[in-house]
Amino acid sequence: MAGAVDQAKMKFSKIVNSRSYTRFNQNPDGENSRVEVNLSVDTEEEEMDGAEQGHVQPETYMRPTIHPGSWNKWRIFVVVAVLLVIFCLGSLIGYSFQPKPKTASCVPIVTKEQTSAPQVYEAPESTMDWSDVVNLLNNQLSPKKLEDMISEYSGAGMAGSSEDNILADKIHDFFKTLNMDPWIDEHFVKLQYPVNKTNKVFFDSKEIWSPKGFLAYSKTGSQQGRVVYANYGELQDLEIVNANKVNLNGSVVLMRAGKISMAQKVANVASKGAIAALIYPDPADYDNMNRDTELYGHVHLGSGDPYTPGFPSFNHGQFSPVNSSGLPDILAQTITATMAQKIFDKMGGKSVPSTFEGAFSNYKFGSETDLPITVEVNNELVDTRIHNVFGVIKGFVDADRYVVIGAQRDSMSSGYAKSSVGTGLLLELARVFSEMKKGGFRPKRSIVFASWTAGDYGNVGLTEWLEGYVTSLDKKAFTYISLDGFVTGVGSFKASASPLLQTLLEKTSKKLKDPVNTGSSLFQTLVVKPMEMENGAYPFLAFSGIPSVTFRFTSTGDSSVDYKYFGTALDDENHLKSMIGQKLGEVFMAAAQVAGQMALRLVHDHILKLDVTKYVEEIGKRVNAIVDCTNDLKRKKVDKSDSLSTQWLMSAKGSYSRAAYSLQNYIRNSDLEDMEMSRIINNRIMKVEHNLISPYVSLRDVPFRHVFFGNGWQTASDLETYLKSVSKGEATLDMDQVLNQFALLTWTIQGCANDLAGEIWSLDNEI
């Protein structure tokens, strides 16, 4: 290289020492005149053609004479510049041959000023193995600290009350001590409860009751009618009532609490023409409970503020005055068991079947000649400011992707099992994870902790938050873990989860011991049930399309009431301990392990622990049921049924199956240490649940748009139910309706399959 540099210096020296250039100027008569300038170091003077000097125009450029002194300065400058260029070239060539340090992985650092610029990476500290993470979790969890946390952060009271706000501030301050960057989410919602006047029930002109319990979002006013008993108010119960020639139209329907939600009971009897509903706790379901115990609840068949459906209730939000379709148009009120017994004693009519009987001696359907009953509901709508409280432990790789862990903190009554235990566990996990971070744990993704309020009014605070960020949450939040009411007994472990989370739930429960029978795993008592609308995890799944999971340690057996103290003033620590005995601490720890290990696994591994192949089973089950119903119509030769084809629905099912297993193989053969590769794969996985939210129905009209777990005409179950009704002769076949539902369901599944497959050149174009 030194020889090349010397040759370059010699050539440049020749050019500098002797150089000439030619310039052409235009003569007045149009001819070009040639000027040659010779630069010579020896003579250091310019030789110019005399003929040109005589023809120079005033505006024509003439190179000034270079005097010896100025030329020496110019030559020195050029030489120095060339040497600098040569030095820079040499440095660059030398740098290119230096070995570059290798890094195992990297962490993106993005400043506020670089929101649109490429990410900058730096090497993180070493990552723990999963076994190390579990050991660190076990070392940090403490039964005593968890019980103390539950005791300290309980007693929120009703949503928006001073007690609720004080507890919200305490939780915010606790997150702040953990350096979790806490923040508040504020909403202005309409809550309904008795304010100035109590609700009343008049019977036989002598019995006047003023129950303290109430059902939020009932229609207000006064109605009078005869009483009809309808058991739990399930649809099959109403069919039995109808089969006994008892007319529900214009009646006040008396129902037992349990089996289904109060909102569903009221909606069912309203659809049959009832004018009011009375709900009571039957001693057969609520054994050993005082018969004067009051019940509290709500009857909005939905979630969130029912007066701003589909929109967040921010301050001064201006939306058209539309109410939720889930609001009842009849009166609804709870009464005590004592009040109910007095009504039963004066009812006539036919005797009920044994399945309708409870702990009283006289159960009758009711008669047209019975004494009328009057129900008066005086609840008032109150504009209320509520606060959700959040804290976050930020991830070290994909900080913009997060798992949300949440719990309700409010209660209409005592709410120990309903809200206090969940809030305590939420805060204990926040403390434990923060300590784990100090101990060297580096989560790849973030963990958001959320304390919701107005949960007893139908997950109002939670749903308003989802509505406020509906366009972005599904792209960032990939799982929700609900801690609401996680313990009501022992002997059984019940859970509800998106299919994407079921594999993780099963594997986690297999690794944990049963808190009562330590010789067996938790998995042996696991019962997976469909997620109900009342559950705090349901809006995440069916409204936002975010995989969610909820679990509960409960008593064995198939009781009509999961926990008899929910929604009563008896939901306190003593009654919970009476249900569990001496194992309360062990159950608390088991719940912390379930929630903690699931959350940590989701933020630890390169690839999200969401099993896309589980939806192969779910889609297959739903599609096959529809195909069977369609074939049944054809066998029965129902009019126009021959033109129904399930070919494309079956094809969409196959497309999803191939995409899911193809992705599984792709993951198996990929370099998961490649951060960009892992992020691309995770993006595909995260879209699955949201792509099953039907894009063909209005969010405002049908908030729970999930085609498998939602509620409305767009669901696979609605189509299946309709086809069965046609097969039984209970409905006529509407071809336009069926074909429309077939098409929308097909393309929702196919769209999900296409997104899971990846880039457009990887799509299955069979349809």
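Please compute the per residue accessible area over region 248-294 with all protein chains in place, 1.4 Å probe, rounded to a whole number of Å².
For region 248-294, the per-residue accessible area is 31 Å².
May I ask which of Lys507/Lys529; Lys212/Lys272; Lys145/Lys564; Lys507/Lys583; Lys494/Lys564 have a Cα-Cα span longer than 19 Å here?
Exceeds cut-off: Lys212/Lys272; Lys145/Lys564; Lys507/Lys583.
Rank by packing, highest mean first: peptides 488-494, 521-527, with packing defined as the count of other Cβ atoms within 10 Å averaged across residues.
Output ranking for 488-494, 521-527: 488-494, 521-527.
Enter the accessible area per residue of region 397-462 (Å², integer; probe 1.4 Å; all protein chains in place).
16 Å²
Can you list the lysines whose alpha carbon is less than 16 Å from that of Lys190, not counting same-chain residues fewer than 8 positions off?
Filter leaves Lys219.
Region 135-209 to region 334-356: how many Å between their Cα centroids?
If you average the Cα positions of each part, the centres end up 35 Å apart.
Which of the peptides 297-303, 565-571, 345-351 is most tightly packed, and how do the rest follow, going by the mean number of other Cβ atoms within 10 Å of each residue?
Result, highest mean Cβ count within 10 Å first: 297-303, 565-571, 345-351.
Just check region 587-637 against the gyration tensor rule for me: Cα atoms, a ≥ b ≥ c as the square roots of the eigenvalues, rounded for a/c under 1.5, and otherwise prolate or oblate depending on whether a/b exceeds b/c.
Note, shape of region 587-637 comes out oblate.
Once you put a point 7 Å from the Cα of Glu617 and another 7 Å from the Cα of Asn138, both along the Cβ direction, what distance in nm separates them?
2.8 nm
What is the percent carbon and sulfur in the accessible area of region 669-767, measuring with a 1.4 Å probe over the protein chains and ignoring ligands?
49 percent
Which whole number in µm²/s is D for region 182-221 by Stokes-Einstein, with the Kirkwood Rh taken over Cα pairs at 20 °C and 1.002 mPa s?
Result for D is 163 µm²/s.
I need two numbers for region 353-438: Rg to one decimal and Dmax as a whole number, Cα atoms only, in Å.
24.4, 74
Find the Rg to Rh ratio for region 295-430, where Rh is the Kirkwood radius over alpha-carbon pairs and Rg uses the same atoms.
A ratio of 1.11.
Hey, can you rank 211-218, 156-163 by average C-beta count inside 10 Å, highest first?
Result, highest mean Cβ count within 10 Å first: 211-218, 156-163.
Suppose each label sits 7 Å from its Cα in the direction of the beta carbon; what would the Asp173-Ser645 distance come out to in nanometres?
6.9 nm
From the backbone phi of region 715-720, what are the Karplus-calculated ³J(HN,Hα) couplings (6.51 cos²θ - 1.76 cosθ + 1.60, θ = phi - 60°) in whole Hz, Gly and Pro given as x?
Calculated HN-Hα couplings, in order: 7, 5, 5, 5, 5, 4 Hz.
Would you calculate the volume per residue, in Å³, of the smallest convex hull containing every Cα atom of region 398-499?
Value for region 398-499: 130 Å³ per residue.
Around Gly468, under 11 Å between beta carbons, what's the net of Lys plus Arg minus Asp minus Glu among the other residues?
Within the 11 Å Cβ shell, the charges total -4.
Give me a comma-separated list of calculated 3J(HN,Hα) values for region 271-287, in order, Karplus coefficients 6.51, -1.76, 1.60 applied at θ = phi - 60°, integers in Hz, x for any Gly or Pro.
5, 9, x, 5, 9, 7, 9, 10, 10, 9, x, 6, x, 5, 9, 10, 5
Looking at region 230-371 from every direction and averaging, what is the projected area of its Cα convex hull in nm²?
Hull-based average projected area comes out at 9.9 nm².
Taking a probe of 1.4 Å, how large is the accessible area per residue of region 135-238, in Å²?
It amounts to 48 Å² per residue over region 135-238.
Considering only protein heavy atoms and a probe of 1.4 Å, how much of the accessible area of region 247-354 is carbon and sulfur, as a whole percent?
46 percent
For Lys394, list the lysines whose Cα falls under 21 Å from its own Cα; do not include residues on the same chain fewer than 8 positions away.
Lys112, Lys176, Lys437, Lys438, Lys444, Lys475, Lys476, Lys609
Quick one, what does Rg over Rh come out to for region 486-613 if you take C-alpha atoms and the Kirkwood Rh?
0.97
First check a/c for region 483-529, with a ≥ b ≥ c the square roots of the eigenvalues of its C-alpha gyration tensor; if it is under 1.5, answer rounded, and if not, answer prolate when a/b is larger than b/c or oblate otherwise.
Oblate is the answer for region 483-529, as a/c is 1.5 or above yet b/c matches or exceeds a/b.
Check which residues have an amide H placed less than 5 Å from Phe396's amide H, if you skip close sequence neighbours.
Correct list: Lys444, Arg445.
Rounded, prolate or oblate: pick one for region 545-642, where a ≥ b ≥ c are the square roots of the eigenvalues of its C-alpha gyration tensor, a/c under 1.5 means rounded, and failing that, prolate if a/b is larger than b/c, else oblate.
oblate
Determine the distance separating the Cα centre of region 220-240 from the Cα centre of region 291-306; give it in Å without decimals.
17 Å
State the percentage of accessible surface on region 514-587 attributable to carbon and sulfur atoms; use a 1.4 Å probe and exclude ligands, DNA and RNA.
Its accessible area is 48 percent carbon and sulfur atoms.
If amide H atoms are built 1.01 Å from N in the plane of the peptide, which residues on other chains or at least 5 residues away come under 5 Å of the amide H of Thr479?
Distant-sequence amide H within range of Thr479: Val404.
Which ³J(HN,Hα) values in Hz, rounded to whole numbers, follow from the phi angles of region 219-235 under the Karplus curve 6.51 cos²θ - 1.76 cosθ + 1.60, where θ = phi - 60° and Gly and Pro get x?
5, 9, x, 9, 9, 10, x, 6, 9, 10, 8, 10, 6, 8, x, 6, 4
The values are calculated or read from the model by the stated rules, or taken from the named source; none is laboratory data. Bear in mind the structure is a predicted one, so any value in this text is a computation, not a measurement. Positions of Cβ are generated from backbone atoms using ideal geometry, with glycine treated the same way; all protein chains shown enter the neighbour counts. Ligands, DNA and RNA are stripped out before the accessible areas are found, and what is left, the full protein with its side chains, is counted by its heavy atoms. Shrake-Rupley method; radii C 1.70, N 1.55, O 1.52, S 1.80 Å.
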